[in-house]
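Below is one structure, written out as structure tokens; the observations come after it.
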Amino acid sequence: MLEVYACIAEEHHPGYVALAVAICLLSMFTAFMLARHVRTVEGHRLRWITLVGYVTGVGIWATHFIAMLAYEPGMPTAYAPIGTAASVVVAIVMSVAGWWLHFSGHKLTKLLAAPTITAGIAAMHWVGMSAMRTKGEFHYDIGLVAGACFVSVMLAAMALHVQRSRPARVPVLRAVLLALAICALHFGDMAALQCATDEQLAE
């Protein structure tokens, strides 16, 4: 927890972090508002689930990208367009899959919804990070990465549980929980990141 706080406070621009969190919350609130209609429509469930997954995926990606703009590694960075575009696709596809599992009629598949969405967050993050170009190499603390994934999947599961148990209510709590899941995984992984410059590697 201290590592994550230090990472945000010392290596990120606070204004961009605040913007990323705000967009994340707004996106998840919108997704859950749309999700309220999935069970009430006739003949268009797949379209609505796709729309919910699209909003969720784009929100996940936007949170990541803006938070990466906030990241200050102390060296020049750029992003490869193909990898960046691929990360958007990954986030949307995995989010649609997660929501489809959530709205399925089987208990087992419902249980897979939160891990699927979390896997989408993680996969989007890793694809997005692979598109980052800088003078150095990245190394990760696997323990911190695993911890961030665990916290994220628990928060996502809580958000979807609230969605199932209180589908008619204004989705403030579930939006906050899913936004926390996204931010926990992103900033947890960033706290686990160690960047060695070319000069350091040459020593």
inquiry  = Are there strands (runs of 3 or more DSSP E) fully within region 41-160 with at least 2 residues that are touching a residue at least 24 places away in the same chain (Cβ under 8 Å) and touching a helix residue (DSSP H, G or I) at 6+ places or on another chain (Cβ under 8 Å)? List them.
reply    = 136-140
task = Would you mind telling me which numbered condition in (1) at pLDDT below 85; (2) more than 15 Å from His186 (Cβ to Cβ); (3) under 18 Å from the mean Cα position of the chain (by Cα) Gly105 fails?
result = (3)
remark   = Of the residues in region 111-129, those that are in contact with a His (Cβ under 7 Å, 6 or more places away or on another chain) and among the polar types (S, T, N, Q) number 0
remark   = Checked region 28-50 for anything hydrophobic (A, V, I, L, M, F, W, C) and either modelled with pLDDT of 95 or more or open to solvent by less than 20 Å² (accessible area, probe 1.4 Å) (or both); matches are Met28, Phe29, Ala31, Phe32, Ala35, Val38, Ile49
query = Checking Leu193 against (1) under 23 Å from Ala62 (Cα atoms); (2) surrounded by 14 or more Cβ atoms within 10 Å (Cβ to Cβ); (3) over 16 Å from the mean Cα position of the chain (by Cα); (4) at pLDDT 90 or above, which test does it fail?
reply = (4)
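The values are calculated or read from the model by the stated rules, or taken from the named source; none is laboratory data. All figures in this text were calculated on a predicted structure; none of them were measured in a lab. Virtual Cβ from ideal backbone geometry, glycine too; neighbours counted across all protein chains shown. Protein only, heavy atoms only, side chains kept; ligands, DNA and RNA dropped before computing areas. Shrake-Rupley method; radii C 1.70, N 1.55, O 1.52, S 1.80 Å.
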